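Asks: Let me begin by handing over the structure; questions about it come next.
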């Protein structure tokens with residue numbers, strides 16, 4: 001049997017995982033014709049049919065299913081080799097890609113990265129601002145700041161801190177509508193909250209049993225939009241306490257209200273722990289996030 005081109009196996013695994021050429025092309029950054037040609041070449045080299053083509057996309061045949069697990073293992077080994085090669089020996093310079101929620105990316109990371117630049121001018125930073133969990137296994141990011149504990153065994157994660165959440169509103173709104181003295185007073189106020197998510201409703205239901213999404217006069221599932229709505233005086237909402245404290249014109253409402261905290265985790269792939277550059281940024285973020293939570297930055 002002739003030696004197989006690694007790119008053929010890589011394309012086969014991507015199409016098998018996604019079920020279509022279009023999805024695989026987005027995953028790999030290759031064109032659909034190239035992927036289709038790779039599949040045809042691999043089938044010809046192996047003398048087997050790997051997929052059934054139809055309106056439901058590319059479905060693995062029995063032979064394809066047998067080869068898929070082996071191909072995926074080869075793909076994982078190749079990716080691991082590349083990670084180790086990238087992170088083995090290096091100076092503290094180059095690019096580090098950080099994934100974080102939209103709020104953290106927009107309102108927390110910029111100041112931290114400015115301070116990092118003073119200490120490590122050779123490091124360039126790319127920020128992925130998304131509330132979706134980035135796939136560290138595929139190196140979509142080198143480091144992820146997450147508000148849930150990562151579950152994948154291939155990831156190294158450490159708990160950094162807990163960020164307090166509080167209700168707040170602008171002083172102008174509270175001067176106009178009065179300051180709530182007890183949780184039940186919230187029923188008489190304009191609230192700011194999520195549109196489709198029931199997370200905030202579950203957090204407040206013990207104080208506001210009849211609460212539905214219509215209790216929120218201003219609704220959005222985008223955290224940055226909600227933050228701007230708070231700053232503009234649309235009503236009372238929930239935000240991170242460190243952000244509230246440093247925002248002129250915002251006041252904490254019902255400071256003793258027992259709200260859940262926001263856990264913060266730093267995660268990276270095991271294979272990049274040898275990277276001096278990535279480890280330096282991770283350690284820096286760990287200390288900066290603790291200071292942010294404590295309100296000392």
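Asks: Could you identify the single residue in 196, 202 that is in contact with a helix residue (DSSP H, G or I) (Cβ under 9 Å, 6 or more places away or on another chain) and more than 18 Å from residue 168 (Cβ to Cβ)?
Replies: Selected residue: 196, the only one of 196, 202 that is in contact with a helix residue (DSSP H, G or I) (Cβ under 9 Å, 6 or more places away or on another chain) and more than 18 Å from residue 168 (Cβ to Cβ).
Asks: With the requirement that a residue be within 32 Å of the chain's Cα centre (by Cα) and not in a loop (DSSP other than H, G, I, E, B), what does segment 39-56 give you?
Replies: Those that are within 32 Å of the chain's Cα centre (by Cα) and not in a loop (DSSP other than H, G, I, E, B): none in segment 39-56.
Asks: If I filter segment 214-233 for residues that are closer than 21 Å to residue 160 by Cα and exposed (fewer than 15 other Cβ atoms within 10 Å of the Cβ), do I get at least one hit?
Replies: Checked segment 214-233: no residue is closer than 21 Å to residue 160 by Cα and exposed (fewer than 15 other Cβ atoms within 10 Å of the Cβ).
Asks: Sort through 64, 19 and tell me the only one that's in contact with a strand residue (DSSP E or B) (Cβ under 8 Å, 6 or more places away or on another chain), surrounded by 13 or more Cβ atoms within 10 Å (Cβ to Cβ), farther than 26 Å from residue 140 by Cβ and not assigned by TED's automatic domain parsing to the domain that holds residue 140.
Replies: 64
Asks: Give 14, 76 a once-over and let me know the one that is surrounded by 17 or more Cβ atoms within 10 Å (Cβ to Cβ) and either free of Cβ contacts under 8 Å to residues at least 60 places away in the same chain or in the same structural domain as residue 154 (by TED's automatic domain parsing) (or both).
Replies: Numbers: 76 fails: surrounded by 17 or more Cβ atoms within 10 Å (Cβ to Cβ).
Going through 14, 76 in turn, just one is surrounded by 17 or more Cβ atoms within 10 Å (Cβ to Cβ) and either free of Cβ contacts under 8 Å to residues at least 60 places away in the same chain or in the same structural domain as residue 154 (by TED's automatic domain parsing) (or both): 14.
Asks: Right, here's the next one. Can you go through 260, 242 and tell me which one is at pLDDT 95 or above, under 30 Å from residue 175 (Cα atoms) and touching a helix residue (DSSP H, G or I) at 6+ places or on another chain (Cβ under 8 Å)?
Replies: Criteria check complete, one pass: 242.
Asks: Take residue 70 and tell me if it is outside the structural domain of residue 271 (by TED's automatic domain parsing), over 33 Å from the mean Cα position of the chain (by Cα) and either surrounded by 12 or more Cβ atoms within 10 Å (Cβ to Cβ) or in a helix (DSSP H, G or I) (or both).
Replies: no
Asks: Next question, about the same structure. Against the conditions (1) under 30 Å from residue 170 (Cα atoms); (2) not assigned by TED's automatic domain parsing to the domain that holds residue 219, where does residue 272 fall short? Just the number, please.
Replies: Failing condition for residue 272: (1).
Asks: Confirm whether residue 284 is surrounded by 17 or more Cβ atoms within 10 Å (Cβ to Cβ), more than 12 Å from residue 167 (Cα to Cα) and either at pLDDT 90 or above or not assigned by TED's automatic domain parsing to the domain that holds residue 195 (or both). Don't jump to the end; show me each part of the working.
Replies: Working: surrounded by 17 or more Cβ atoms within 10 Å (Cβ to Cβ): yes; more than 12 Å from residue 167 (Cα to Cα): yes; either at pLDDT 90 or above or not assigned by TED's automatic domain parsing to the domain that holds residue 195 (or both): yes.
Yes; evaluated as a whole, the condition is true for this residue.
The values are calculated or read from the model by the stated rules, or taken from the named source; none is laboratory data. Keep in mind that what you see is a predicted model, and the values were worked out from it rather than measured. Cβ sites come from the backbone with ideal geometry, for glycine too, and all protein chains shown count toward neighbours.
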